[in-house]
Amino acid sequence: MTAPTGPAGHGLLTGKVVVVTAAAGTGIGSAVARRCLDEGARVVLGDSHERRLGETRDLLSLGYPGRVWAVPCDVTDEAAVRRLIDGAVARYGRIDVLVNNAGLGGNRPVTEMDDEEWALVLDVTLTGTFRCTRAALRQMIAQGGGGVIVNNASVLGWRAQAGQAHYAAAKAGVMAFTRCTALDVAAHGIRVNAVAPSLAAHPFLAKVISEAELDMLAAREAFGRAAEPWEVATVVAFLASDYASYLTGEVIAVSSQHP
């Protein structure tokens, strides 16, 4: 089934400042950035790939002049995370939304996985989410409270898939982290939620999962295809907006796959 065309923006994030990690390239992060811009936000892009980050910033700036900024950020580096948050505040005066999109996967059975691979996936995907969330929450509280965190989890936090033990463990951790952090900051009027995509079309997937396996996973979806990145981004934008004012500690599956 062919994917539909993405909807037009409706000003859901007008006046908001949104920070998106791992936003370079053509994946979910850049789709989230574009959707937030479509909804009226000013957006700060973070990514560890400086060349691609600059290209993404320049491309988005053509359509949204004055509303896009970029700060190189490796989420495994605490100093880099602080520079991202401080840079966003220096540029736009505040932070209203953080989207934790940075994650690292792989495809290897546990029997062949070494400590370094396990640790790296968890450091980027889970601990990186923690580092960025902590920095953003401190800023939001200092601003007087209010704000939104949206984490990118995965249905693999719930479902089993061979070769994905490190990634699935990290994403399950992101889900638990989301729920607990939401309670930590509810008194400050800050909401923390997550999306859990099942299968989203992304060039990186082809590097870690074979074409045959991707076809098999797509066939399991009710629509017979992977989600387009913008289809995940629209759900992120909803969670970031005031339309989700009573949602916190929730993990929303972006999926058409059913057991």
Verdict on ALA135 being in contact with a helix residue (DSSP H, G or I) (Cβ under 6 Å, 6 or more places away or on another chain) and either of a type outside the set (Ser, Thr, Tyr) or farther than 22 Å from GLU78 by Cβ (or both): yes
Only one of VAL174, VAL150 is surrounded by 22 or more Cβ atoms within 10 Å (Cβ to Cβ), touching a helix residue (DSSP H, G or I) at 6+ places or on another chain (Cβ under 7 Å), modelled with pLDDT of 95 or more and part of a strand (DSSP E or B). Can you tell me which? VAL150
Checking GLY106 against (1) small (Gly, Ala, Ser); (2) in contact (Cβ under 8 Å) with a residue 12 or more places away in the chain; (3) surrounded by fewer than 17 Cβ atoms within 10 Å (Cβ to Cβ), the condition it does not meet: (3)
Which one of THR129, THR125 is modelled with pLDDT of 95 or more and either in contact with a Cys (Cβ under 7 Å, 6 or more places away or on another chain) or within 27 Å of SER245 (Cβ to Cβ) (or both)? THR129
Mind listing just one residue for me: the one in segment 227-252 that is out of contact with any Gly (no Cβ under 8 Å at 6 or more places or on another chain) and acidic (Asp, Glu) and, of those, surrounded by the fewest Cβ atoms within 10 Å (Cβ to Cβ)? ASP242
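The values are calculated or read from the model by the stated rules, or taken from the named source; none is laboratory data. Treat the numbers as computed from the prediction; the structure is a model and nothing was measured. Note that each Cβ is placed from the backbone with ideal geometry, even for glycine, and that neighbours are counted across all protein chains shown.
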